[in-house]
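Engineer: Could you have a look at this structure, given as structure tokens, before my questions?
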Amino acid sequence: MVVFIIRRTLMMIPVLLGATILCFALVDLSNDPVQDRVFELEQSTGEPVPQSTIDALEAQWYYDRSVPERYWIWLTGFGDTNGDIGLLQGKWGPSIEGTALPIGDEISSRFWITLRLVLFATIASIAIAILAGVVSAVKQYSRTDYVLTFLGFLFLAMPVFWLGSLFKEGAVQLNKIIGSTVFQTYGSGTTGFQGNGWEVFVDSLPYLIVPTLVLMLGGYAAISRYQRASMLEVMNSDYVRLARAKGVRNGTVMRRHALRTALIPVATFAPLALSGAMGGAMVTETIFGWRGLGVYSLEAINAGDTFAVMAYVLISGIVVLVGVLVSDILYGVLDPRIRYE
Amino acid sequence: MSNTAAPRLDAEAINTKERGQWEMVARRFFRHRAAVISLVIFLVIVLFAYVGPFLWKWDYKIHSEIPSWAAPSLDHPFGTDKAGRDMLGAMMQATKQSLNVALVVAIGSTVIGALYGAVAGFYRGWVDSILMRFLDIMFVIPFLVITGALAGAIDTSVRWYHMAIILAVFGWTSIARAVRAEVLSLREKEFIEAARSAGGSDWHIITKHLIPNTMSVIIVSVTLQIAFAILSETTLSFLGLGIQSPDTSLGLLIDAAGASAFNEHWYLFYIPGVMIILIALTINFIGDGLRDAMDPRQTMVRR
């Protein structure tokens, strides 16, 4: 098992490298922050910017070299640097927002905010998908099945940003009716809250409810369709009929014989749910005013801040790949035919 | 043929007509009630978006004679927004732009994905490995970030075709996987062997034998791609990384409506939202109906 995990982790490195190369090339070629900044300066001062300023900006952001060189220096930090770049040395590169907001600090303070939301949402959407899928399959072609199927289609068709805006305003209205703030709808925690990890987590719970609900409903529908299909297939299989014929109680057959096998295809969709939730977090963080990673990446995209965008790409890539690894391990747990030696 | 034999033959003749494959598919599809209703609604939406602007007196632009924030009435069935824009006209334009994007993405990404998947599945071996590793890489790249970064890089106003190209270039991976899986089993069939022994080139086998036989997968994918493209395009527009004002999109309209879901301007929020849901919902039902209709294991009777 340990060998398997190590081998899979090593196999992720080329994939991650490939993704960063592709992203770096596209993001870097598609914008020029130096030119943007020069244009801004010209607009504000009304005078042409001296060449020395341009050179200084280029040197500061490493725009005085070619794209491959810039990628290499971003990755390794080897060569002629200002000492603020090089992933291998734990440095994320200069942000064009200036040295007051270094990428590393921003990322580490925002990472848990986003991960908290994404993990909750993924687990919740998989749980509700399994529940809805199994109930649909057990009560096939009943009214419950039709209602659940229709709801699934509805949530599949509903854009997360619309659902998010609706739920946010709905929560505000509910708070008004109740007369107290049960659902927090702005920010990811009480402003200026200090405390240890657990206290911060408890403080953030009221802020988590609505965004998690939104991402859960936005992500469960596709999985629940597959859960229903695989549960139906298993329920019609011979070994389930045999278990019934032997007189095993219905609940036990469903839980121990049918559900365990029916969960296998669903394990495939766990990484998809995770990457969906990462994308959805960008939207919900915008709507609910969180200072999370998703909003950070959006701001970086708008500013043309290549190194900051790359930091997000790297972290979200790692999160998704870890999700893939977990789902591979889940296969082994669920399917006794699979053994990781 | 003698005169005496004719009546006997008529009586004995098989009076059922031969049915082609597509006729069977169409017949099965029209038995799927939800899919047929969805098809009708979808066609109405298409007419609304493409023919509507010729029939309705207002376009999507701001006009000084339009009152701002008028509630829905006969003059402005969908109301007007703060700036003085007729929302019915704006909805027609927005729906048209979103549908434009969706249709181009559906076709573009399907062509890329089908060819990619077919090549990977047909050649197996190292070609397949390389192509599949590239798919892994595409899966790791955050879709909204890369599409948003490219859309944000277009300095002048982003048009719908910019969005369509960007979304198509990054949205084909699911089709490639589906087609590859199908081709992997097809390539072992006898008719491929026959085509090869008859001297068919690889390209000929892929485009004339493999892809036509994965048509059912591809057609279902096209419908799902339309829903995917609508949701992606509107999301990017909502985040400010898609189609820009003065042009409009369903995502922009919802973004502009802001927090009005429960106040007197509710119509600004719900109408574009319901339109997105209707398009994605009907397309998904149509896809579901097509999948059932094209499944050869399916009987004529819908259980």
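Engineer: Sort B:Glu264, A:Glu97 so that the residue with the fewest other Cβ atoms within 10 Å of its own Cβ comes first and the one with the most comes last. If you can, show how the numbers build up before the last one.
Structural biologist: Details: B:Glu264 10, A:Glu97 15.
If I rank by nearby Cβ atoms, fewest first, I get B:Glu264, A:Glu97.
Engineer: Here's a follow-up. What is the P(r) of chain B, as percent of Cα-Cα pairs per 20 Å bin from 0?
Structural biologist: Computed distribution, short to long bins: 27, 46, 21, 5, 0.
Engineer: Mind pulling the angle between the C-alpha long axis of helix A:260-288 and the longest principal axis of chain A? Nearest 10 degrees, somewhere in 0 to 90.
Structural biologist: In chain A, helix A:260-288 runs at an angle near 40 degrees to the longest axis.
Engineer: Suppose every K and R has +1 on its Cβ and every D and E has -1 on its Cβ; what is the size of the dipole of region A:111-334 about the Cα centre, in Debye to the nearest 20?
Structural biologist: Numbers: 15 positive and 10 negative charges, 240 e Å.
Dipole size: approximately 1160 debye.
Engineer: Same structure, new question: So, in Å, what gap is there between the alpha-carbon centers of region A:120-196 and region A:76-104?
Structural biologist: Here the answer is 40 Å between Cα centres.
Engineer: Would you kindly calculate the mean projected area, averaged across all directions, of the convex hull enclosing the Cα atoms of region B:104-241, in square nanometres?
Structural biologist: Working: hull surface 34.6 nm².
Mean projected area of the Cα convex hull: 8.7 nm².
Engineer: Which far-off residues, 5 or more places away or on another chain, put their amide H under 5 Å from the one on A:Trp92, with H placed in the peptide plane?
Structural biologist: Long-range HN contacts for A:Trp92: A:Gly104.
Engineer: Another question, then. Top mean-square fluctuation among B:Ala90, B:Ala198, B:Ala164, Gaussian network model of chain B, C-alpha springs under 10 Å?
Structural biologist: Looking only at B:Ala90, B:Ala198, B:Ala164, the biggest GNM fluctuation is shown by B:Ala198.
Engineer: Per-residue counts of other Cβ atoms within 10 Å, averaged by peptide: what ranking do you get for A:61-73, B:215-227, highest first? Present the calculation step by step, with values, prior to reporting the outcome.
Structural biologist: Numbers: A:61-73: 16.2, B:215-227: 21.5.
By packing density, highest mean first, the sequence is B:215-227, A:61-73.
Engineer: Once the Cα atoms of the protein assembly as shown are picked out, what are the Rg and Dmax in Å?
Structural biologist: Rg and Dmax of the protein assembly as shown, Cα atoms, are 27.6, 107 Å.
Engineer: Another question about this same structure. Give the order of A:Glu285, A:Glu199 when sorted by the count of other beta carbons within 10 angstrom, beginning with the fewest.
Structural biologist: Values: A:Glu285 25, A:Glu199 11.
The fewest-first ordering by Cβ neighbours comes to A:Glu199, A:Glu285.
Engineer: Another one. What relative contact order, as a whole-number percentage, does chain B give when Cα pairs under 8 Å and 6 or more residues apart are counted? Walk me through the intermediate numbers first.
Structural biologist: Numbers: 406 pairs, mean separation 75.8, N = 303.
Rounded, it is 25 percent for chain B.
Engineer: So for region A:22-76, Kirkwood radius off the Cα pairs, Stokes-Einstein at 37 °C and 0.692 mPa s: how many µm² s⁻¹? It would help to have the intermediate numbers written out before the result.
Structural biologist: Numbers: Rh = 12.2 Å.
After rounding, the answer is 268 µm²/s.
Engineer: Let me ask something additional. How large is the charge dipole for the protein assembly as shown, taken about the Cα centre, if only the Cβ atoms of Lys, Arg (+1) and Asp, Glu (-1) carry charge, to the nearest 20 debye?
Structural biologist: Numbers: 49 positive and 51 negative charges, 770 e Å.
Dipole magnitude for the protein assembly as shown comes out near 3700 debye.
Engineer: Can you give me the P(r) profile for region B:61-117? Cα pairs, bins 5 angstrom wide beginning at 0, each as a whole percent.
Structural biologist: 4, 19, 17, 14, 9, 9, 8, 7, 6, 5, 2
Engineer: Out of B:Ala280, B:Ala181, B:Ala106, any idea which swings most in a Gaussian network model of chain B, alpha carbons joined below 10 Å?
Structural biologist: Among B:Ala280, B:Ala181, B:Ala106, the largest GNM mean-square fluctuation belongs to B:Ala181.
Engineer: Related question: In peptide B:132-139, what is the residue-averaged number of other protein chain Cβ atoms found within 10 Å of each Cβ? Could the numbers behind the result be given before it?
Structural biologist: Working: counts 0, 4, 3, 0, 9, 11, 3, 9.
Per residue, the average neighbour count from other chains is 5.
Engineer: On to the next question. For region B:179-303, evaluate the Debye formula with one uniform point scatterer on each Cα (no solvent term) and list log10 I(q)/I(0) at q = 0.20 Å⁻¹, rounded to two decimals.
Structural biologist: At q = 0.20 Å⁻¹ the computed log10 ratios are -1.06.
Engineer: Dividing the alpha-carbon Rg of chain A by 2.2 N^0.38 Å yields what?
Structural biologist: Details: Rg = 24.6 Å, N = 341, 2.2 N^0.38 = 20.2 Å.
After normalising by residue count via 2.2 N^0.38 Å, the value is 1.22.
Engineer: Okay, moving on. If you build a Gaussian network model of chain A, linking Cα atoms that sit under 10 Å apart, which residue out of A:Asn236, A:Asn196, A:Asn31 swings the most?
Structural biologist: A:Asn196
Engineer: Mind checking which of B:Val25, B:Leu281, A:Leu208 is farthest towards the positive end of the protein assembly as shown's charge dipole, using Cβ charges of +1 (Lys, Arg) and -1 (Asp, Glu) about the Cα centre?
Structural biologist: Result: B:Val25.
Engineer: Next up: Dividing the alpha-carbon Rg of region A:1-117 by 2.2 N^0.38 Å yields what? Show your work: numbers first, answer last.
Structural biologist: Values: Rg = 17.8 Å, N = 117, 2.2 N^0.38 = 13.4 Å.
The reported ratio for this selection is 1.32.
Engineer: So if I take the centroid of the Cα atoms in region B:235-250 and the same for region A:1-69, what is the distance between those two points in Å?
Structural biologist: Between the Cα centres of region B:235-250 and region A:1-69 lies a distance of 26 Å.
Engineer: What is the total of Lys pairs in the protein assembly as shown with C-alpha atoms under 28 Å apart, excluding same-chain pairs fewer than 8 positions apart?
Structural biologist: Going through the protein assembly as shown pair by pair, I get 10.
Engineer: Then there's this: Are there any helices in chain B, counted as whole DSSP H runs, that stretch 30 Å or more along their axis by Cα and score at least 1.6 on average by Kyte-Doolittle, and if so which?
Structural biologist: Numbers: long enough: B:87-123 (52 Å, 1.20); B:215-238 (34 Å, 1.70); B:266-294 (41 Å, 1.29).
Span-like helices here: B:215-238.
Engineer: Continuing with the same structure: Each residue of region A:129-145 in turn: what ³J(HN,Hα) in whole Hz from Karplus with 6.51, -1.76, 1.60 and θ = phi - 60°, glycine and Pro shown as x?
Structural biologist: 5, 4, 4, 5, x, 5, 4, 4, 6, 5, 9, 4, 6, 9, 4, 4, 4
Engineer: Any chance you could list P(r) for region B:127-169, counting all Cα-Cα pairs in 10 angstrom bins from zero, rounded to whole %?
Structural biologist: All Cα pairs considered, the percentages come to 26, 41, 25, 8.
Values in this text are rule-based calculations from the coordinates and carry no lab data. The structure presented is a predicted model; accordingly, all values stated were derived computationally and were not measured. A quick note on method: Cβ atoms are made from the backbone with ideal geometry, for glycine too, and the neighbour counts reach across all protein chains shown.
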